[in-house]
Amino acid sequence: MDSASNKPQTPKPLGFGQTMLASAVGVIIAFVVLNVLTIIMALSMMSTALSSQSDVPVISGNNLAIELDLTQSVNERTPSQLSSLFGQGEGTSLEQLITAIENAALDDRVNALYLHLGGSNLSWAQAEELQLALARFNDVSAKPIIAWGESMTQPEYFLSTSADRIGLHPSGTVDFRGIGGEVIFYKGLLDKLGVHMELIRPTSCAYKSAGEVYTRTNMSDANREQVRSYISSIWDYALQVIAQNRDITPEHLNTYADNLTGHMPDQAVAAHLIDTLCFAQDIKQMLRSHFGATKIVKANKYAKACVAPKGKNIAIIYAEGDVVPGSGDGTRTAVYGDDVVKALNDATKDKSVHAIILRVNSPGGAVTASEAMTYAVRCAKEKKPVIVSMSGMAASAGYEISCFATKIVAHPTTLTGSIGVFATIPEVGTLLRQKLGITTDTVMTNRNSTGISALRPLSKDAREVMQRGVEDFYITFTQRVADGRGLTRTYVDSIARGRVWTGLQAKQIGLVDTLGGLSLAFELAAKEAKLNPKECRLKAFPAEKGLLDQLFEQVNSDKEEEIKARINAVIPFYSELCNWSTMEPLQARLPFIMNIE
């Protein structure tokens with residue numbers, strides 16, 4: 001035998017078709033394995049979540065201190081099970097905080113309240129809502145309230161002055177400097193890009209300045225006037241409360257704000273803005289040694305453990321966020337028109353519900369959704385009392401959906417009014433031609449077939465039609481307010497024109513009935529239904545969907561919101577720009593994008 005025959009044989013390479021087949025089989029197997037593992041993990045997660053979410057926490061022991069954690073975001077309503085499961089609802093809700101305060105006042109196991117401040121998005125109105133709850137706490141209880149933070153925003157400091165003692169981290173700051181508004185303008189950027197934005201609004205609505213951020217490089221005189229008016233109103237009110245709580249004159253407080261006294265911890269103590277510099281463990285030691293509180297319990301956990309009293313139902317419906325059409329999937333906080341309409345209809349039909357509270361915290365938004373909700377409120381009011389409780393904002397469309405309520409309750413610092421409308425149409429033809437080299441051509445059957453287009457300027461006829469549209473809706477809007485509030489349209493026009501008012505100012509001109517918070521709205525709802533408030537309880541509409549339903553909706557939804565959030569972290573106001581690019585042309589919303597502190 002030839003020696004060559006003893007050499008090992010080299011395997012014959014696979015042909016192209018065999019290689020492709022083998023690769024495809026491998027990919028399919030890997031895909032199946034990964035999906036099986038994903039399903040197993042998801043089922044395990046859901047099982048764990050379902051068991052944990054269904055369990056009501058048990059608060060054992062005595063000598064408790066309830067910690068109101070305001071170091072994270074604060075929303076109006078308790079986060080859904082889904083958002084909590086995926087870490088999107090780690091903040092505490094105003095609902096939970098108030099529940100915790102009210103129950104702690106009468107709970108013999110609770111020795112003290114601990115306000116843990118720093119890092120929240122607490123608005124002035126939300127701070128006032130909590131301050132009112134703390135005042136009720138003090139009315140029925142002699143238990144101490146201790147406040148401490150590594151740093152404090154101005155609304156947080158405003159809230160902290162309700163405490164018996166205020167502590168600050170030795171390296172912390174109190175952001176006490178007065179209120180300023182900063183408006184971001186995009187016209188310069190749009191000019192460089194070759195984008196022109198058409199702003200169409202009623203001729204009388206000079207205060208409706210939302211679209212001005214795309215057509216101007218600075219504030220208009222009307223906008224500057226309204227901003228100065230309402231921030232001064234909020235600041236003056238805040239100074240009165242702080243001055244009374246801390247026994248410091250408003251004049252001295254303004255001097256401290258001018259000099260940024262609160263930014264230096266030792267100066268903040270010397271000025272009596274705070275009482276002591278200390279660390280978190282010092283506060284916990286104080287709670288133990290001075291007040292006998294051996295265990296600190298988070299307010300959200302404590303609130304979940306509190307059993308709602310039995311009684312007659314008063315529905316509460318939350319309208320928080322931008323007004324948008326359609327229904328939500330639980331991944332975004334917004335006032336979805338279809339969802340609120342359904343909630344109002346369901347609460348009206350529910351025989352166990354005797355009155356309805358509509359809790360509004362919205363800058364406004366889409367006209368179509370606003371109109372649908374306004375009509376639903378009007379229909380509900382014919383059968384049951386509807387009380388609106390305004391939080392930080394109830395402006396424009398947020399006010400329209402409120403105006404037919406039986407009673408409107410607002411905080412002195414609520415931003416409301418902004419009764420007006422506008423339309424914006426972008427024109428990007430120059431951008432496409434000059435920057436990107438893209439050209440367009442048209443074929444038309446009629447003169448205005450392409451009169452309204454983002455690719456070319458509005459035609460004269462199209463602009464006139466849109467102008468008539470906003471003028472007509474402004475008349476409709478002001479007439480709705482007149483009918484809902486029992487005023488003449490002429491008077492409503494004089495106080496409307498897109499102007500923003502604080503709750504305090506709105507009370508003076510007849511846009512709201514009384515000043516107060518959710519507790520007062522609850523009392524009014526019970527009294528309008530001829531019930532004793534002590535025999536009533538709140539029932540939320542719509543009821544939260546089951547966790548499994550929420551999970552499946554989340555699986556079927558896209559990742560747009562997640563992507564927006566990531567980009568917004570790098571490009572400020574990116575989300576706002578996206579909203580403007582996709583929103584309906586006709587809008588009734590707060591008239592500007594502004595940082596207010």
Can you work out which of the residues in segment 483-501 that are free of Cβ contacts under 8 Å to residues at least 24 places away in the same chain and not in a loop (DSSP other than H, G, I, E, B) is surrounded by the fewest Cβ atoms within 10 Å (Cβ to Cβ)?
THR490
I'd like to check which strands (runs of 3 or more DSSP E) are fully inside segment 298-371 and have at least 1 residues that are open to solvent by less than 50 Å² (accessible area, probe 1.4 Å) and β-branched (Val, Ile, Thr).
312-320, 353-362
Looking at PHE473, is it surrounded by 15 or more Cβ atoms within 10 Å (Cβ to Cβ) and in contact with a Cys (Cβ under 8 Å, 6 or more places away or on another chain)?
no
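Can you tell me which residue in segment 502-521 is farthest from ILE357 (Cα to Cα), limited to those that are among the hydrophobic types (A, V, I, L, M, F, W, C) and open to solvent by 40 Å² or more (accessible area, probe 1.4 Å)? I'd like the intermediate steps shown before the answer.
Kept after step one, since they are among the hydrophobic types (A, V, I, L, M, F, W, C), are these residues of segment 502-521: 504, 506, 509, 511-512, 515, 518, 520-521.
Keeping just the survivors that are open to solvent by 40 Å² or more (accessible area, probe 1.4 Å) gives 504, 515, 520.
On the way: LEU504: 21, LEU515: 15, LEU520: 11 Å.
Of everything passing the filter in segment 502-521, LEU504 is farthest from ILE357 (Cα to Cα).
Limited to segment 466-506, what total is found for residues that are basic (Lys, Arg) and closer than 24 Å to ILE387 by Cα? Don't jump to the end; show me each part of the working.
Our first condition is that a residue be basic (Lys, Arg); within segment 466-506, this holds for 468, 480, 485, 489, 497, 499.
Next, only the ones that are closer than 24 Å to ILE387 by Cα stay: 480, 485, 489, 499.
Within segment 466-506, residues that are basic (Lys, Arg) and closer than 24 Å to ILE387 by Cα number 4.
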Any residue that is closer than 30 Å to GLU464 by Cβ and surrounded by fewer than 24 Cβ atoms within 10 Å (Cβ to Cβ) - is there at least one of those in segment 373-383?
yes
Going residue by residue through segment 237-257, is there one that turns out to be of a type in the set (A, V, I, L, M), closer than 24 Å to GLU128 by Cα and in contact with a Pro (Cβ under 7 Å, 6 or more places away or on another chain)?
yes
Name the pairs whose Cβ atoms lie under 8 Å apart, with the first residue in segment 245-264 and in contact (Cβ under 8 Å) with a residue 40 or more places away in the chain and under 16 Å from ILE179 (Cα atoms), the second among the acidic types (Asp, Glu) and assigned to a helix (DSSP H, G or I), and 6 or more positions between them or separate chains?
none
Does VAL409 satisfy being surrounded by 24 or more Cβ atoms within 10 Å (Cβ to Cβ), of a type outside the set (Ser, Thr, Tyr), out of contact with any Lys or Arg (no Cβ under 8 Å at 6 or more places or on another chain) and under 30 Å from PRO155 (Cα atoms)?
yes
Provide a single number: the residues in segment 117-142 that are in contact with a strand residue (DSSP E or B) (Cβ under 8 Å, 6 or more places away or on another chain), free of Cβ contacts under 8 Å to residues at least 60 places away in the same chain and not aromatic (Phe, Trp, Tyr).
8
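With the structure loaded, tell me whether ASP139 is acidic (Asp, Glu), open to solvent by 10 Å² or more (accessible area, probe 1.4 Å), farther than 26 Å from THR255 by Cα and part of a loop (DSSP other than H, G, I, E, B) or whether it fails that test.
Details: acidic (Asp, Glu): yes; open to solvent by 10 Å² or more (accessible area, probe 1.4 Å): yes; farther than 26 Å from THR255 by Cα: yes; part of a loop (DSSP other than H, G, I, E, B): no.
In short, no.
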Taking SER220, is it in contact with an Asp or Glu (Cβ under 7 Å, 6 or more places away or on another chain), more than 20 Å from ILE98 (Cα to Cα) and without any contact (Cβ under 8 Å) to a residue 60 or more places away in the chain?
yes
Among (1) touching a residue at least 12 places away in the same chain (Cβ under 8 Å); (2) at negative phi, the one test that GLY292 misses:
(2)
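Among the listed residues ALA147, ALA133, which satisfies the condition of being under 26 Å from ARG537 (Cβ atoms), among the small types (Gly, Ala, Ser), crowded, with 22+ Cβ neighbours inside 10 Å and at pLDDT 95 or above? Explain how you work it out, then say what you get.
On the way: ALA147 fails: under 26 Å from ARG537 (Cβ atoms).
Result: ALA133 is the single residue among ALA147, ALA133 that is under 26 Å from ARG537 (Cβ atoms), among the small types (Gly, Ala, Ser), crowded, with 22+ Cβ neighbours inside 10 Å and at pLDDT 95 or above.
The values are calculated or read from the model by the stated rules, or taken from the named source; none is laboratory data. Here the structure is a predicted model, which means the values were calculated and not measured. Glycine also receives a Cβ, built like all others from the backbone with ideal geometry; neighbour counts cover every protein chain displayed. When the accessible area is computed, the model is the full protein with side chains, heavy atoms only, and any ligands, DNA or RNA have been set aside. Shrake-Rupley method; radii C 1.70, N 1.55, O 1.52, S 1.80 Å.
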